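K.L.:
Supplied in C-alpha cells, the structure appears directly below.
All of the numbers you see were taken from the coordinates with simple rules; none came from a lab. These numbers were taken from a predicted model, which means no experiment stands behind them. When we count neighbours, we look across all protein chains shown, and the Cβ atoms used for this are built from the backbone with ideal geometry, even at glycine.
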Amino acid sequence: MTIRRAGNILFRFMRLWTLHPKHLDARGLVALWREALLAQKVLRGATRGYKHHPQLVRFAETKNPPAALATYLKAVHEEAVRRGYKFDGSKIGVRRFRGKLKETRGQLLYEWLHLKRKLKKRDPGRLRDLSSIKIPAPHPLFKIVPGKVREWEKVRWQRTSVRSNPVENEPAHVGCCKKWTPQP
C-alpha cells in the first residue's frame, strides 16, 4: 500500500491486481499479499477502515466476499510458494468462491501498463523478462470480458507524448483516459 500526503490529507492506494501474480516482481508480490490480507479483514468486518475502497468493489459484489478474497489470496500464496517465499497460508480464509469474477480487457491492459511503468523504475530486469508478453495472463479468479477500464479505477488523466512514454513500444495514449478501449 502506498501512502502519500497532500497537505494534511493522507491518501492510501491499495492494488488488488487483475494480472496473474506471476507477472509481479518480488516487491509487488509482497505488497499484494499484505494488501489482500488487509482486504480480507475489511470484507470480514474486522477493521473499521477501507470499507468503501474502490479496489474492493468487485469482491463486495459477490454473494460471499470473504470467500472470493480467500480464493484470490490462494493464487497469490501459490505464486509465493513457487518462488520459495514463506507466506503464511494459514492467514487465508478457508471458504472458497466457486466460479470466476468477470473483469474487463481494458482493466487488465490498463494494469499491465501500470505494472510496466512501475517496473521501469524499480526492476528494469523484470521488465525486460516480461517484454515479449503482449497480453498478460489474468489472475485465475478472473474471466476477462470485452470492456473498458473500470469506473472505480484511479486512472491517471495526464496525457504523455510519444517521446516521454515510460514504456517502450506502448502507445502513449494507452490508459490515459476511460474512453480508451484496447483493441483485440
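K.L.:
Collect residues whose amide H, placed 1.01 Å from N in the peptide plane, falls under 5 Å from the amide H of His20; neighbours closer than 5 in sequence don't count.
P.N.:
For His20, whose amide H was placed from the backbone, the distant partners under 5 Å are Ala137, His139.
K.L.:
When the dipole is taken about the Cα centre of the range 2-145, and only Lys, Arg (+1) and Asp, Glu (-1) are charged at their Cβ, what size is it in debye, to the nearest 20?
P.N.:
On the way: 34 positive and 10 negative charges, 32 e Å.
In debye, rounded to 20, the range 2-145 gives about 160.
K.L.:
In what sequence, highest mean first, do 107-117, 125-135, 140-150 appear when ranked by Cβ atoms within 10 angstrom? Kindly include the intermediate steps, with their values, before the conclusion.
P.N.:
Values: 107-117: 21.8, 125-135: 12.5, 140-150: 16.7.
Ranking, from highest mean packing down: 107-117, 140-150, 125-135.
K.L.:
Could you tell me the calculated FRET efficiency between Thr47 and Val155, based on Cβ-Cβ distance and R0 = 25 angstrom, to the nearest 0.05? Each step should come with its number before you reach the end.
P.N.:
Values: r = 27 Å, r/R0 = 1.07.
Efficiency for this residue pair is about 0.40.
K.L.:
Then there's this: What chymotrypsin sites (Phe, Trp or Tyr not before Pro) does the range 57-87 have in DSSP loop regions with at most 16 other beta carbons within 10 Å?
P.N.:
Sparse-neighbourhood loop chymotrypsin sites (Phe, Trp or Tyr not before Pro): Tyr85.
K.L.:
State, to one decimal in nm, how far the label point of Lys121 lies from the label point of Ser90, with both points 7 Å from Cα in the Cβ direction.
P.N.:
Simple spin-label model gives 3.7 nm for this pair.
K.L.:
Going highest first, how would you order 64-70, 40-46 by mean Cβ packing within 10 Å? Spell out each step's value before the answer.
P.N.:
Numbers: 64-70: 21.3, 40-46: 16.7.
Answer by packing, highest mean first, reads 64-70, 40-46.
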